[in-house]
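Comments concern the structure below.
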Amino acid sequence: MPASRPIGRLESRHCALLVCDVQERFTSLISGFDVVVDTCRRMVAGASALQLPILVTEQYPKALGATKKLIQNVLPATTESLPKMSFSMCGTDTANWWASHPDIKQVMLCGIEAHVCVLQTALDLLATLQSKVSRCTW
């Protein structure tokens, strides 16, 4: 069945990478977590090489810990992990990041908890930014 609208190609001037909640606490709780971390790490390395903006979030880091070190180690020095208390990466916790990147219209999305945080982020992006979600991993 054909898609309802064409996806098109990603354009670097309008594209960002979003890394959703890949935190230390989930290491032993999520099956295949090492594969997810490796995929996210490679996506960060690629986005960095292309000089794309990168948004990294941490769901309630006080309890769930920081972003995995393997991902932190490949982040550009200017990229900070933003704490969030809502499920979506498009809420008030990240509003300043989005405001400082007004040209973002396409995203590559990776992270964990596809049934909650990744899904809610994708739905919010589609509703508010008319973004093209290119890839999701969980």
(message) Around LYS62, under 14 Å between beta carbons, what's the net of Lys plus Arg minus Asp minus Glu among the other residues?
(response) -2
(request) Hey, can you grab everything whose amide H is under 5 Å from the amide H of ALA16? Only 5+ residues off in sequence or another chain; H modelled, so Pro and N-termini drop out. (result) GLN106, VAL107, MET108
(request) For LEU52, list long-range residues whose amide hydrogen, built 1.01 Å from N in the peptide plane, is under 5 Å from its own amide hydrogen. (result) none
(message) How big is the dipole moment of the chain about its Cα centre under a simple scheme where the beta carbon of each Lys and Arg is +1, that of each Asp and Glu is -1, and everything else is neutral? Debye, nearest 20, please.
(response) 300 debye
(message) Mean-square fluctuation check for the chain, GNM, Cα pairs under 10 Å: which of LYS62, LYS105, LYS84 is largest?
(response) LYS62
(message) I'd like the accessible area for ASP38: 1.4 Å probe, protein heavy atoms, all chains in place, Å² to the nearest 10.
(response) 60 Å²
(request) Have a look at HIS101, HIS14, HIS115 and tell me which one the Gaussian network model of the chain (Cα, springs below 10 Å) gives the largest fluctuation. (result) HIS115
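For the chain, what does -39500 (n - 2.57) per DSSP helix run (n ≥ 4), summed and divided by total residues, give at 222 nm, in deg cm²/dmol to the nearest 500?
Working: 5 runs with 40 residues, N = 138.
When only DSSP H runs of four or more count, the value is -8000 deg cm²/dmol.
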(request) Quick one: among THR57, THR121, THR78, which has the greatest mean-square fluctuation in a GNM of the chain with alpha-carbon springs under 10 angstrom? (result) THR78
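Net charge within 9 Å of THR27 by Cβ-Cβ distance, Lys/Arg positive one each and Asp/Glu negative one each, not counting THR27 itself? Walk me through the intermediate numbers first.
Numbers: positive: ARG25, LYS68; negative: GLU24, ASP34.
Taking every Cβ under 9 Å from that of THR27, the sum is 0.
In whole angstrom, how long is each semi-axis of the equivalent ellipsoid of the chain, when you take the square root of 5 times every eigenvalue of its Cα gyration tensor and sort them from largest down? List each step's numbers first, then the result.
On the way: eigenvalues 98, 54, 49 Å².
Equivalent-ellipsoid dimensions as semi-axes: 22, 16, 16 Å.
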(message) Just want to confirm a number: the relative contact order over the chain, from Cα pairs under 8 angstrom separated by 6+ residues, in percent.
(response) 29 percent
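The values are calculated or read from the model by the stated rules, or taken from the named source; none is laboratory data. Owing to the predicted nature of the structure, the values given are computational and were not obtained by experimental measurement. Cβ coordinates were reconstructed from backbone atoms using ideal geometry, including for glycine residues, and neighbour counts include every protein chain displayed. To get the accessible areas, we keep the full protein, side chains included, count just its heavy atoms, and leave off ligands, DNA and RNA. Shrake-Rupley method; radii C 1.70, N 1.55, O 1.52, S 1.80 Å.
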